[in-house]
Amino acid sequence: MLADLIEETGASAVYWNRCYEPWAVARDTAIKEQLKERGVEAESFNGSLLLEPWQIKTGQGGPYKVFTPFWKQLRDIYRLPGAVDISDDLPCATDVRSDDLADWGLLPTAPDWADGIRAAWTVGEDAARDLLADFLDGPVADYPDDRNRPDRVGTSRLSPYLHWGEIGPDQVWRAAVPLLDKGGATARGAESLLRELAWRDFNHHLVFHFPEIATENWKSQFNDFPWRDDPEGLAAWQQGCTGYPIVDAGMRELWHTGWMHNRVRMVVGSFLIKDLLTHWRDGEAWFWDMLVDADLANNAGNWQWVAGSGADASPFFRIFNPITQGEKFDPEGDYVRRWVPELGNVPAKWIHKPWEAPEEVRSQAGVRLGEDYPEPRVDHRVARDRALAAYKSLREEEPD
């Protein structure tokens, strides 16, 4: 296909932005070799990361495996590239044979499962720039706290646009850096946003240097972890029917919009892995299929972080309690009410643990457990003890 396009246009050079996934690196390497054999100039550029994976190294000359020193080093050495004015008269090929995209029939029709995604997102570079401008104009000041509140619009929601190249991390950095001079909450929010950009880089650097992290446990002792085979539990989690409202709200938000709030991603990940003892790969695969910002490096890296099997991973004893997480970060239950409407009339005191509500309260709210809303899939206290025992046995077997 590329060879045909070069033939048709008479192109003497091909330029593109690099990707860092293992298969993309192999593809691009092969393309460069083939183009150069044809006498066609081939060059790729960095358009998606702050720093190339080979531009940042530890004192020993290797890649970083822990985020905090990575972030400190990136903060020290990163320099914004010079701004370039885009010409209104860029040369381009004309009269190239092309298909009508609508003829490809890519959009779903029966059922139209993308309706919620279309309603939630506006595609394009203009939309990305508008989102960034709106976020930096006010919400950024509350970002360190509100980024944990799914009941508020407190995040930039730029992740899909960064993944699909509709905005670059350099653009976000350039727009946010001036806020550091304002001091106070605005500066703290801007710094927190820059740190999140660096976390994104960190995961991409890991998958570049250690491509096996995309599919295999980073820590090999997790190959012996006692995962459970529980297809019914996995299906309940995927469908948002676990009986834990904050988990179910997140999974339904994902199904409807193709996105999920970051705090809730951690909660649902912890529930699948540590409450249900289901392999992180099953969660990673579901997110890969469902997320509009699905990204190999971030997806695998973050799932392994939750599991404890990854680089700079969450400690084994960090097991999110879905009740207290809901009560802390969705205190009035607004997020749950939006995505789990069958609990809409449950008072805030009980909305994250409806099974503990008095029968009279549930009756007045129109909730019959096991009929209108499922009973909890597991008892979190029992599941937590089971997970801790599994992790403890793994740690005892860990080689010196």
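The values are calculated or read from the model by the stated rules, or taken from the named source; none is laboratory data. Please read these numbers as outputs of a predicted model, since none were measured by experiment. Every residue, glycine among them, receives a Cβ derived from its backbone with ideal geometry; neighbour counts consider all protein chains shown.
Key figures
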| read-out | value |
| --- | --- |
| Test: residue in the stretch 359-379 that is outside any helix (DSSP H, G or I), at positive phi and surrounded by 11 or more Cβ atoms within 10 Å (Cβ to Cβ) | yes |
| When residues of the stretch 26-56 are limited to those that are under 30 Å from the mean Cα position of the chain (by Cα) and exposed (fewer than 13 other Cβ atoms within 10 Å of the Cβ), the one nearest to L206 (Cα to Cα) | W54 |
| Within the stretch 337-348, tally of residues that are in contact (Cβ under 8 Å) with a residue 24 or more places away in the chain and more than 15 Å from G366 (Cβ to Cβ) | 2 |
| Odd one out for D95 among (1) free of Cβ contacts under 8 Å to residues at least 24 places away in the same chain; (2) among the charged types (D, E, K, R); (3) at negative phi | (3) |
| Neighbours by Cβ (under 6 Å, 6+ apart or cross-chain): first from the stretch 268-296, closer than 30 Å to V123 by Cβ and in contact (Cβ under 8 Å) with a residue 60 or more places away in the chain; second of a type in the set (D, E, K, R) and surrounded by fewer than 23 Cβ atoms within 10 Å (Cβ to Cβ) | L296/E21 |
| Members of the stretch 109-120 found to be closer than 14 Å to G258 by Cα and part of a loop (DSSP other than H, G, I, E, B), listed by number | D112, W113, A114 |
| Pair list, Cβ < 7 Å and 6+ apart or interchain, from the stretch 180-194 residues that are not assigned by TED's automatic domain parsing to the domain that holds A141 and loosely packed, with under 14 Cβ neighbours inside 10 Å to residues that are assigned to a helix (DSSP H, G or I) and not polar (S, T, N, Q) | none |
| Any hit, the stretch 239-247, residues being under 24 Å from F316 (Cβ atoms), in a loop (DSSP other than H, G, I, E, B) and either hydrophobic (A, V, I, L, M, F, W, C) or free of Cβ contacts under 8 Å to residues at least 60 places away in the same chain (or both) | no |
| Residue match in the stretch 138-146 (condition: among the small types (G, A, S), at pLDDT below 95 and under 17 Å from the mean Cα position of the chain (by Cα)) | no |
| Any helices (runs of 4 or more DSSP H) falling wholly within the stretch 122-212 and containing at least 2 residues that are charged (D, E, K, R) and within 21 Å of L50 (Cα to Cα) | 125-136, 169-176, 184-209 |
| Q73 being part of a helix (DSSP H, G or I) and either surrounded by 10 or more Cβ atoms within 10 Å (Cβ to Cβ) or not aromatic (F, W, Y) (or both) | yes |
| Unmet requirement for L74, which otherwise passes all of (1) farther than 24 Å from L180 by Cα; (2) at pLDDT 95 or above | (1) |
| Criterion: in the same structural domain as W259 (by TED's automatic domain parsing), under 24 Å from L277 (Cβ atoms), in contact with a His (Cβ under 6 Å, 6 or more places away or on another chain) and among the small types (G, A, S) - qualifying residue of G370, G308, G326 | G326 |
| Complete set of residues in the stretch 285-313 that are outside any helix (DSSP H, G or I) and over 19 Å from A198 (Cβ atoms) | L291, V292, A294, G308, S309 |
| Matching residues in the stretch 218-236 - criterion: being crowded, with 18+ Cβ neighbours inside 10 Å and within 28 Å of L206 (Cβ to Cβ) | W218, F222, F225, L234 |
| Lone unmet requirement of (1) under 18 Å from the mean Cα position of the chain (by Cα); (2) part of a helix (DSSP H, G or I) for M260 | (2) |
| Residue list for the stretch 90-108, filter: part of a loop (DSSP other than H, G, I, E, B) and more than 27 Å from the chain's Cα centre (by Cα) | L90, P91, C92, A93, T94, D95, V96, R97, S98, D99, D100, G105 |
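Rundown of residues vs (1) assigned to a helix (DSSP H, G or I); (2) surrounded by 22 or more Cβ atoms within 10 Å (Cβ to Cβ); (3) modelled with pLDDT under 95, yes/no style:
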residue	(1), (2), (3)
V264	yes, yes, no
G283	yes, yes, no
P315	no, no, yes
R337	yes, no, no
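This table checks each residue for (1) surrounded by fewer than 18 Cβ atoms within 10 Å (Cβ to Cβ); (2) outside the structural domain of R265 (by TED's automatic domain parsing); (3) over 20 Å from N262 (Cα atoms).
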| site | (1), (2), (3) |
| --- | --- |
| V123 | yes, yes, yes |
| R129 | yes, yes, yes |
| R149 | no, yes, no |
| T155 | no, yes, no |
| L158 | no, yes, no |
| Y161 | no, yes, no |
| W164 | yes, yes, no |
| P169 | no, yes, no |
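Yes/no matrix, rows are residues, columns are (1) in a helix (DSSP H, G or I); (2) touching a residue at least 24 places away in the same chain (Cβ under 8 Å); (3) polar (S, T, N, Q):
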residue	(1), (2), (3)
L5	yes, yes, no
V25	yes, yes, no
T29	yes, no, yes
E33	yes, no, no
S48	no, yes, yes
K57	no, no, no
Q60	no, no, yes
Y64	no, yes, no
